[in-house]
């Protein structure tokens with residue numbers, strides 16, 4: 001790979017400083033700010049599968065058709081529009097909570113309370129009776145989760161310097177993926193153990209109710225961490241003299257700052273952000289219906305895709321974080337983009353084999369390792385683009401754009417599978433990754449030219 005793939009311009013300290021030793025690189029993972037992200041990453045990762053991946057398994061088992069499941073994945077668009085209320089999270093104090101905990105921790109605690117209430121509602125709602133209640137509760141969880149992400153991303157960015165963002169991102173991903181094991185394998189394992197043998201039919205609502213209530217209680221990890229953590233130091237902002245100045249600082253300045261710093265490169269950066277994870281996101285919506293249709297049991301899916309596969313994602317996240325710090329983010333972005341697209345072809349191969357647990361292990365391992373590498377590098381890249389004065393708003397814009405187009409397109413995934421089958425679907429999602437490679441290459445060249453200017 002050419003030298004065009006250098007670290008992005010904002011990460012100048014990382015690019016110009018001497019390359020750290022492997023010992024120094026690994027010691028970053030033992031620092032308090034890094035370890036704190038493990039528990040907070042768990043809190044962030046828990047809701048996602050429960051309103052998307054695991055929910056699609058539950059709905060398919062309840063007899064909901066694939067086209068409807070695909071459309072219901074648009075609940076996840078809440079993550080794509082979080083930039084709309086990110087300025088409020090960035091600037092608006094919460095009565096009582098802000099004075100007691102600070103702005104970041106106050107918003108974290110409020111959002112976690114919304115998530116817990118929404119998960120409890122999803123536990124009580126039976127999709128066979130009506131989809132409306134479970135959809136509204138899922139929307140509440142998604143909204144609370146997106147708000148938590150806004151506050152948590154700002155908390156992470158403000159907790160360490162640019163050089164340590166890759167390590168924080170990797171540890172955050174570790175906690176995130178551990179939560180996905182619990183929200184994926186754990187919820188399936190609990191639901192399977194709570195089933196009553198004498199009850200006929202594949203779907204047992206009481207079993208799923210128990211599983212989702214346990215997940216709601218598991219959000220206590222994030223709540224406890226917020227209460228025991230300290231508020232990070234924030235850049236001082238001039239006080240607003242009136243409502244117009246407050247709106248200027250909260251809504252306009254964060255976006256104007258980004259375009260002012262990057263000028264014409266902003267369009268290229270935003271295009272890359274918008275499509276970087278498109279292959280994984282579009283494919284992921286149909287993964288659980290695929291497992292159900294291929295005849296895999298809850299225990300098989302839990303063991304292979306939600307435990308073993310997530311462990312491989314953790315390995316990929318640490319590898320991606322270490323490689324990003326040592327060789328530059330853009331190089332690892334390119335590697336992650338290539339691997340993410342290529343591994344979708346393995347699912348097309350798996351679709352032709354039917355119920356084959358050994359093949360599932362190999363495919364899921366490769367896919368999750370690639371996803372971990374790509375995610376760690378991408379989070380570090382997004383973090384390097386932010387101005388610490390507007391960290392919550394700017395990062396929310398970036399992470400929203402990362403999901404908006406993929407989530408919208410993923411809503412049609414069930415319809416595509418119904419019309420063309422799983423093999424064609426997985427091949428198509430792999431091809432979606434080709435434009436990503438071109439954009440990473442262009443962004444790398446642009447960044448290299450910018451950093452070489454006197």
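The table that follows gives values for the structure above.
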item	result
Count of residues meeting criterion [at positive phi and part of a helix (DSSP H, G or I)] in the range 257-288	0
Answer from 397, 369 - the residue that is assigned to a helix (DSSP H, G or I), modelled with pLDDT of 80 or more and either crowded, with 24+ Cβ neighbours inside 10 Å or touching a helix residue (DSSP H, G or I) at 6+ places or on another chain (Cβ under 6 Å) (or both)	369
Exclusive hit being at pLDDT below 90 and under 23 Å from the mean Cα position of the chain (by Cα), set 448, 413, 452	413
Flag if residue 402 is under 16 Å from the mean Cα position of the chain (by Cα), buried (at least 17 other Cβ atoms within 10 Å of the Cβ) and not in a loop (DSSP other than H, G, I, E, B)	yes
Looking only at the range 95-109, and only at residues there that are assigned to a loop (DSSP other than H, G, I, E, B) and surrounded by fewer than 18 Cβ atoms within 10 Å (Cβ to Cβ), the one that is modelled with the lowest pLDDT	96
Residue match in the range 438-445 (condition: over 22 Å from the mean Cα position of the chain (by Cα), over 22 Å from residue 73 (Cβ atoms), crowded, with 17+ Cβ neighbours inside 10 Å and modelled with pLDDT of 85 or more)	yes
Filter result for residue 119 (in contact (Cβ under 8 Å) with a residue 12 or more places away in the chain and surrounded by fewer than 23 Cβ atoms within 10 Å (Cβ to Cβ))	no
Criterion violated by residue 133 - all others in (1) surrounded by fewer than 24 Cβ atoms within 10 Å (Cβ to Cβ); (2) under 22 Å from the mean Cα position of the chain (by Cα); (3) at pLDDT 90 or above satisfied	(2)
Hey, residue 340 touching a helix residue (DSSP H, G or I) at 6+ places or on another chain (Cβ under 6 Å), surrounded by fewer than 24 Cβ atoms within 10 Å (Cβ to Cβ), touching a residue at least 24 places away in the same chain (Cβ under 8 Å) and assigned to a helix (DSSP H, G or I) or not	no
Residue within the range 231-238 that is farther than 27 Å from residue 439 by Cα, at pLDDT 80 or above and assigned to a loop (DSSP other than H, G, I, E, B) present	yes
Any pair with Cβ under 7 angstrom, 6 or more apart, that starts in the range 74-94 at a residue that is at negative phi and ends at one that is in a loop (DSSP other than H, G, I, E, B) and at pLDDT 80 or above	74/411
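Results for (1) closer than 24 Å to residue 414 by Cα; (2) assigned to a loop (DSSP other than H, G, I, E, B), shown as yes or no for each residue.
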position	(1), (2)
54	yes, no
58	yes, no
69	yes, no
74	yes, no
90	no, no
93	no, yes
111	no, no
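The values are calculated or read from the model by the stated rules, or taken from the named source; none is laboratory data. Quick caveat, the model's predicted, so the values are computed rather than measured. Glycine gets a Cβ as well: all are built from the backbone with ideal geometry, and neighbour counts include every protein chain shown.
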